[in-house]
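As structure tokens, the structure follows; a few thoughts come after it.
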Amino acid sequence: MKKIGILFGQENTFPQAFVDRVNAKAPADIRAEFVSIEQVEQHVAPDYAVIIDRISQDVPFYRAYLKNAALMGTAVINNPFWWSADEKFFNNALAVRLGVPVPKTLLLPSKERPTDTSENSFRNLAMMDWEAAFAHIGFPAYMKPHSGGGWKSVYKLHSPEDFFRAYDETGQLVMLFQESVDFTDYFRCYCIGGKEVLIMPYEPRNEPHLRYATEMKTTGEAGEKLLATMKEYVLKLNEGLGYDFNTVEFAVRDGIPLAIDFGNPAPDADINSVGEKNFEWVVEAAANMAIERAIAQKPGQDNLTWGTFVHPHRAKAHTTEFTVAELPEVKVATKKPAAAKAAPAPKAAAAPKVPAAPKAAKAPAAEKPAAKAATAKAPAAKKPAAKKSE
Ligand SMILES: Nc1ncnc2c1ncn2[C@@H]1O[C@H](COP(=O)(O)OP(=O)(O)O)[C@@H](O)[C@H]1O
Ligand SMILES: [Mg+2]
């Protein structure tokens, strides 16, 4: 008997539907359940051939548990080692390498110095040439954390004054300064198992619950071409990054899809936000992928997926192993999905209290020009509330 487990947080619809779907269609020697964790000991294998991780970005204890599980042979989805290293700036650089268009992007040193560093920690850092940065990226522009999600600390900026007001608020966060894409169409695309792709029209300017309630604007031959190009880019990015379960966002300008946010390894899969049809697709695709991975899983070995850049040798092995497998084709069922039960909150120990970090001084390199313009109040940039996993 091989077990597939799902590890999750506050979401209530996807985990139960996933477990029910696997159990409805897997061979008799494969079962799915909610992961149950008790004592966690080094080099002791958990009882799971596959774990779908939907929450370790918020729970470091789970991330450590999953790395040990991976060492012991569990196929952890997504790869916890890569997820720990992954961030938006590298992802963008890799996209350029892979030939996938992305907005022009610069990496900014944090406004404040990291805790326990001093001026001397920054002797390698030259003064930022803000004028050159503004001229290169232009306005409007976006500033957002290089490692983040859920639309937190995402600013749309219209001028250098906006820029410095926002930058002053960012504390120790390392930010991206990015060209704003004035788009005609916007999409979020699920990519499952590095091969199944669902392209969903998405309107980020709508209220969160209405973002998927939109239509693609590009029509006819141009629309067909756009869909084919996005599918190709989604597959390229996910092969490069080595994600099994991810979403890629595109903003389309002049017919060209630019990848905006493509490291979402616990993407929103709630029926109440993605809608019934997309939910059905993702439950089916995730169940098929998990079953396939459980069948292929070899106890005690590395059963993770690796990106082509990070681990070309392993990535190649997995491409051969997984893309040729006979997976049932993912189809959107006409039947309503089984009613999803509210998932019970898993038992968890109370999180230990963390002592407050000492206040850091300002970063010397960044401080001067920022201080010059830092007289006005908080930025006007709106921070829409959304799920962290988006
Ligand atoms: N360069 C950009 N051009 C246009 N819109 C952007 C750009 N960057 C971010 N956005 C908008 O801001 C939203 C949040 O940014 P995103 O990069 O997806 O961060 P997060 O990981 O927090 O979701 C996107 O869904 C998009 O609507
Ligand atoms: Mg996003």
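The values are calculated or read from the model by the stated rules, or taken from the named source; none is laboratory data. Quick caveat, the model's predicted, so the values are computed rather than measured. In this analysis, Cβ positions are derived from the backbone assuming ideal geometry, glycine residues included, and neighbour counts consider all displayed protein chains.
Within the stretch 241-266, being farther than 25 Å from GLU224 by Cβ and either surrounded by fewer than 22 Cβ atoms within 10 Å (Cβ to Cβ) or near ligand 1 (Cβ under 10 Å from one of its atoms) (or both) holds for GLY263, ASN264. Scanning the stretch 217-240 for residues that are within 16 Å of ligand 1 (Cβ to nearest atom) and touching an Asp or Glu at 6+ places or on another chain (Cβ under 8 Å) yields a count of 1. Screening THR105 on (1) surrounded by fewer than 17 Cβ atoms within 10 Å (Cβ to Cβ); (2) touching a helix residue (DSSP H, G or I) at 6+ places or on another chain (Cβ under 6 Å); (3) among the hydroxyl-bearing types (Ser, Thr, Tyr) shows it passes everything except condition (1).
If the Cβ limit is 6 Å and pairs must be 6+ apart or interchain, which residue in the stretch 244-268 that is over 17 Å from LYS104 (Cα atoms) pairs with which residue that is near ligand 2 (Cβ under 10 Å from one of its atoms) and acidic (Asp, Glu)? Pairs found: ASP268/GLU390. Could you please find all residues in the stretch 268-314 being within 23 Å of VAL96 (Cβ to Cβ), surrounded by 20 or more Cβ atoms within 10 Å (Cβ to Cβ) and either assigned by TED's automatic domain parsing to the domain that holds GLY193 or not β-branched (Val, Ile, Thr) (or both)? Hits for the stretch 268-314 are TRP306, GLY307.
Residues in the stretch 185-205 that are surrounded by fewer than 20 Cβ atoms within 10 Å (Cβ to Cβ) and in contact with a Ser or Thr (Cβ under 7 Å, 6 or more places away or on another chain): 3 in all.
Looking only at residues of the stretch 179-215 that are without any contact (Cβ under 8 Å) to a residue 40 or more places away in the chain and away from ligand 1 (no atom under 16 Å from the Cβ), we find that the one that is nearest to PHE309 (Cα to Cα) is VAL197. Going by the structure shown, is ASP162 surrounded by fewer than 22 Cβ atoms within 10 Å (Cβ to Cβ), within 30 Å of TRP130 (Cα to Cα) and within 16 Å of ligand 1 (Cβ to nearest atom)? Spelling it out, ASP162 is indeed surrounded by fewer than 22 Cβ atoms within 10 Å (Cβ to Cβ), within 30 Å of TRP130 (Cα to Cα) and within 16 Å of ligand 1 (Cβ to nearest atom).
For the condition surrounded by fewer than 17 Cβ atoms within 10 Å (Cβ to Cβ) and within 19 Å of the chain's Cα centre (by Cα), what is the one hit in GLN39, GLN10, GLN57? Talk me through it step by step, then tell me what you get.
Values: GLN39 fails: within 19 Å of the chain's Cα centre (by Cα); GLN57 fails: surrounded by fewer than 17 Cβ atoms within 10 Å (Cβ to Cβ).
Result of the check over GLN39, GLN10, GLN57: GLN10.
Identify all residues within the stretch 141-179 that are among the hydroxyl-bearing types (Ser, Thr, Tyr), away from ligand 2 (no atom under 16 Å from the Cβ) and not in a loop (DSSP other than H, G, I, E, B); write none if there are none.
Taking the stretch 141-179 as the starting set, the residues that turn out to be among the hydroxyl-bearing types (Ser, Thr, Tyr) are 142, 147, 153, 155, 159, 167, 170.
Next, from what is left, pick out any that are away from ligand 2 (no atom under 16 Å from the Cβ): 159, 167, 170.
The one that is among the hydroxyl-bearing types (Ser, Thr, Tyr), away from ligand 2 (no atom under 16 Å from the Cβ) and not in a loop (DSSP other than H, G, I, E, B): TYR167.
Each residue in the stretch 246-265 was checked for being more than 11 Å from ligand 2 (Cβ to nearest atom) and over 23 Å from GLU221 (Cα atoms), and 2 pass.
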